[in-house]
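The values are calculated or read from the model by the stated rules, or taken from the named source; none is laboratory data. Bear in mind the structure is a predicted one, so any value in this text is a computation, not a measurement. Here the Cβ is made from the backbone with ideal geometry for all residues, glycine too, and neighbour counts use every protein chain on show. Heads up: the accessible areas ignore ligands, DNA and RNA and are worked out on the full protein's heavy atoms, side chains in. Shrake-Rupley method; radii C 1.70, N 1.55, O 1.52, S 1.80 Å.
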Amino acid sequence: MKIGTPVGGAIGILLLSFWAAGPSENAAPPIHFAYRPIDFRLESCETPRRHAPETMAGGVAVFDYNKDGHLDVFFSNGADIQTLKKSEPKYSNRLFENDGQGNFKDVTVRAGLVGAGFDVGVAVGDYDNDGYPDLFVGGVHGNRLYHNNGDGTFTDVTAEAGLPDKPDPQYGPLWSVGGAWLDVNNDGLLDLFVVNYLAWDIRTEPACEAAPGRFDYCHPKFYKATPNQLFLNNGDGTFRDVSAESGIRAHPGKGMGVGVADYDLDGLPDIFVANDKVYNSLFHNLGGGKFEEVAFEAGVALADNGQFISGMGVDFKDLDNDGYPDIAFVALDNETFPLFRNTGKRGFVDATERSGMSRLSAPMAGYSPTIADFDNDGWKDLFAAQSHVLDNVQDIDSSLQYKMLPFLALNHKGHFELADTGVTTPIAARGAAFGDINNDGWMDVVIATLGGPPILLLNRGGANHWLTITLEGTRSNRDGFGARVRLNGQTRFATATAGYSCANDKRLHFGLGDAKTASVEVLWPSGTLQTLKDVPADQFLKIREPEHP
């Protein structure tokens, strides 16, 4: 986020290669998307005064809230910027039920998910292991935890769960942009990591002008950093704040995205936080609920050029099929677009310059990157929503633009090529969530747009095969989050977390190319190793963890 000076005082990526130079041998096959409307408008109470939260709304979740086999869609929404209250119906959060026939029904009121404050991000996870996904909704000066009752309704259990609804005694009111559900200590219970942005208060917010009488959103440097939070699941519906004792609180930042993966393959989930104009954070899990911050040692605190960038979301997945999760996140104009390759030696190397991204991403701006296989060739691709922070950026610099087209780069064995998403009208995109909305084996996208309707892109697919896996933990957490799944040379760690303020389908989707069968290996958080051979392609496969080692 940027710019502006106090009164008185990305992405658009064309990846030519990922880790090394060289053209792809074959042209990218066409990927066709169809647009499907959803009746919603994201309202962030944008004003000429340019209060910081106005440009940061737009969380999305795709998840099966009623267990009917079809992915539903949840949108967080803003509020009156002066009161941070949903003073009008237009500010309501929205839950849309998917009937499996391409229709989406608004069930928000019945579900009890209207919300109360200025909501930004969402995280989905079954924290009580009852088989139904629960929702954490993070926002400006207030978060909510909604328990799924299993009958199509949710109950706000924030207070009884022990999640704080009061200002931090040291930092004041916190602004959450979302979170991640993960089992930090592998006890079979999902814990909650909350990503907090900067310290903002409308009563003390600096006024920033690009010209006399014309306000801009202030640069993040004019706001204090705030700590992220970690809440340990007690197993009785309540949580305990272990932010300080875990080591998380000691490293405040300005988080705009969180990725979860076991980067050193020690069996414990680690946490990467993409920060806005400060050092990134990599929290290495030491076990026993303890973390050490190792971003500098691991080589991911900064890009190689040493400059701070705007980390507008992140994903933490294996892009080069070597079994180790890599890191990709986005930035604004005149910044690099960092790509960090996992060396397999508890560290990363900056592949941005070698990939050509330093030059290619310089004039671009983006939000919410996610790594997924859109053409089912067995190599995960990169998608990002795109838009600048400032809606008047073209007046400041004619070479820049506020609204942009979504971006998709297809990965052909390490070489990336631009693909057309089919969207022809530029949008002010923020969050982007991913999943197989119509259960045809091809990954779809839902994008939130500021001041406008969402974009639902249905992937019309092709000839390649696929396999989608649903994990059910028994001794591990019910969602299987943290499990390492290896399939035909690919590796994924189970999670629903990626991008900016979003939650993706928890099902693990794999493209198989021309392979008609797959060998699947699941290493559960409990330590149990499960193997399946000669699994037929083109199916939705449920794998249940053995109840005994």
Members of segment 459-488 that are crowded, with 20+ Cβ neighbours inside 10 Å and either under 19 Å from the mean Cα position of the chain (by Cα) or basic (Lys, Arg) (or both):
Arg478, Asp479, Gly480, Phe481, Gly482, Ala483, Arg484
Lone unmet requirement of (1) open to solvent by 30 Å² or more (accessible area, probe 1.4 Å); (2) within 22 Å of Val242 (Cβ to Cβ); (3) acidic (Asp, Glu) for Asp168:
(1)
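Per-residue answers, yes or no, for (1) open to solvent by less than 10 Å² (accessible area, probe 1.4 Å); (2) at pLDDT 95 or above:
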{"position": "Gly235", "(1), (2)": "no, yes"}
{"position": "Glu245", "(1), (2)": "no, yes"}
{"position": "Phe272", "(1), (2)": "yes, yes"}
{"position": "Asn275", "(1), (2)": "yes, yes"}
{"position": "Leu282", "(1), (2)": "yes, yes"}
{"position": "Gly287", "(1), (2)": "no, yes"}
{"position": "Ala298", "(1), (2)": "yes, yes"}
{"position": "Gln307", "(1), (2)": "no, no"}
{"position": "Ser310", "(1), (2)": "yes, no"}
Residues being of a type in the set (Val, Ile, Thr) and assigned to a strand (DSSP E or B) - total across segment 28-65
2
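Give the residues of segment 393-402 that are open to solvent by 90 Å² or more (accessible area, probe 1.4 Å) and small (Gly, Ala, Ser), sorted by residue number.
Ser398
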Single residue of Leu410, Leu405, Leu382, Leu390 found to be modelled with pLDDT under 90, among the aliphatic types (A, V, I, L, M) and open to solvent by 10 Å² or more (accessible area, probe 1.4 Å)
Leu405
Answer yes if at least one residue in segment 78-100 is part of a helix (DSSP H, G or I), crowded, with 19+ Cβ neighbours inside 10 Å, out of contact with any Pro (no Cβ under 9 Å at 6 or more places or on another chain) and modelled with pLDDT of 95 or more, and no otherwise.
yes
Check on Val177, closer than 21 Å to Val60 by Cα, open to solvent by less than 20 Å² (accessible area, probe 1.4 Å) and either in contact with a strand residue (DSSP E or B) (Cβ under 6 Å, 6 or more places away or on another chain) or of a type outside the set (Lys, Arg) (or both):
yes
Counted residues, segment 293-341 - those being outside any loop (DSSP other than H, G, I, E, B) and more than 29 Å from Ala244 (Cβ to Cβ):
5
Among the residues of segment 517-549, write down those that are in a loop (DSSP other than H, G, I, E, B) and either under 16 Å from Ala494 (Cβ atoms) or open to solvent by 80 Å² or more (accessible area, probe 1.4 Å) (or both).
Trp524, Pro525, Ser526, Gly527, Thr528, Glu545, Glu547, His548, Pro549
